[in-house]
Structure formats: C-alpha cells, structure tokens
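One structure is given below, encoded as structure tokens.
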Amino acid sequence: MREWAGAELIAVHVIDERLWQQLEKEFHFSLDSMITRAESRIRNEIIEQAHSPDHIKSAVTVGHPVTELLKACSNHKPDLLILGAQGAHYCEGAQLGNVSSRLLRQAPVDVLIVRKSQTRAFKKVVACVDLSDHSDSIVQKAIEIAEEGEARLDIVHVVPPFHEDTKPRNPLE
C-alpha cells in the first residue's frame with residue numbers, strides 16, 4: 001500500500017513497560033539494550049519484507065502500547081494506522097486484541113486491522129456501510145484499495161437493529 005499510495009511509512013514498535021520491568025527483574029536486561037535489540041529486529045524485518053526498505057522509518061518506544069501509539073499518531077500525523085488483529089498476548093478464541101480494539105475506537109485517524117494470515121494481495125474487498133455520514137469516505141477508500149489491487153469490490157448496506165428506546169431513522173434520508 002505504501003508503494004502505490006506514495007506514502008511515508010513509519011514502523012512503530014512499543015515495548016510494553018510492564019514486560020520490560022519483568023525482563024529487567026528476571027534477566028537483568030537494561031532498557032538501552034532492550035531498545036537496541038528491538039531497533040535491530042525491526043530494521044531486519046523491514047529489510048526482509050520491503051521492496052524499498054530505505055524509504056521506511058522506524059521508531060521504538062517504551063510505555064503502554066495504546067498510550068504510545070496514540071502519541072505516535074499525534075507526533076507523526078499519519079493518515080492511516082495499521083495494526084495487527086492480535087498482538088503478542090494472543091488469547092485462544094479472541095477475535096481482536098485489546099490494543100487493536102482500543103485503538104480502533106480511540107485513534108484520531110483511520111485504522112486498518114490486518115490478520116497474520118493475510119499474506120497475498122487483496123482479491124476481494126467488502127465495504128460495509130450504513131448510509132451514515134462516513135459511508136462516502138468508506139466507499140471511496142474501498143474503491144481505491146480495490147482498484148489498486150485489481151480486486152473485486154462488494155458494498156454491503158448494513159441496517160442497524162432498532163432498539164425500543166431509539167427512535168427509528170429512515171436509512172434513505
């Protein structure tokens with residue numbers, strides 16, 4: 001996506017401060033050595049995965065993952081935040097990780113959630129809309145992604161259920 005959009009990519013890795021405190025206590029890791037190892041690993045991952053790794057920046061920080069990624073959004077002003085569906089603390093049967101779930105609600109920018117199993121270009125894109133104010137931008141972004149990957153695009157209109165305490169709204173207005 002970075003290449004076809006001509007976008008700047010910044011890979012941000014957050015070392016959870018609780019994990020670092022545990023590692024420091026158990027294995028006597030210093031924070032500097034932990035950051036150095038993380039920076040080296042993230043650069044190696046970028047070199048291994050990217051066609052043009054020189055155009056990708058990286059940053060390593062320590063703190064609470066949600067807080068630090070929100071700070072990264074504030075500092076770097078991205079148009080899109082891309083997250084894994086589940087992080088290192090994978091729970092069997094979980095549909096979405098805690099960090100991803102919270103950032104999906106709190107991030108000031110669009111969020112793309114990627115599953116580990118996605119290893120090829122998208123061949124089919126489904127855009128779910130409810131005809132709210134955001135529907136136009138959802139459809140536009142889905143069209144861009146589908147066109148770039150020559151993928152099929154399906155647009156699904158979702159009608160939210162009516163609740164007894166909510167006045168029904170005409171979805172065509």
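For segment 53-62, the Karplus equation 6.51 cos²θ - 1.76 cosθ + 1.60, evaluated at θ = phi - 60°, returns couplings of x, 5, 9, 10, 9, 9, 8, 10, 9, 10 Hz by residue, with Gly and Pro reported as x. Counting Lys and Arg as +1 and Asp and Glu as -1 over every other residue whose Cβ lies under 11 Å from the Cβ of Val66, the net charge comes to +1. Packing here is the average count of other Cβ atoms within 10 Å per residue, and on that basis the peptides 8-17, 130-139, highest first, run 8-17, 130-139.
With 29 Å as the limit on Cα-Cα distance, the pairs of Lys71/Lys123; Lys25/Lys71; Lys71/Lys124; Lys77/Lys141; Lys25/Lys77 that go past it are Lys71/Lys123; Lys71/Lys124; Lys25/Lys77.
For Leu9, nonlocal amide neighbours, meaning residues 5 or more places apart or on other chains whose placed amide H falls under 5 Å from its own, are Lys57.
No value in this document is a laboratory result; all are computed from the given coordinates. Values in this document were obtained by computation on a predicted structure and should not be read as measured data. Cβ sites come from the backbone with ideal geometry, for glycine too, and all protein chains shown count toward neighbours.
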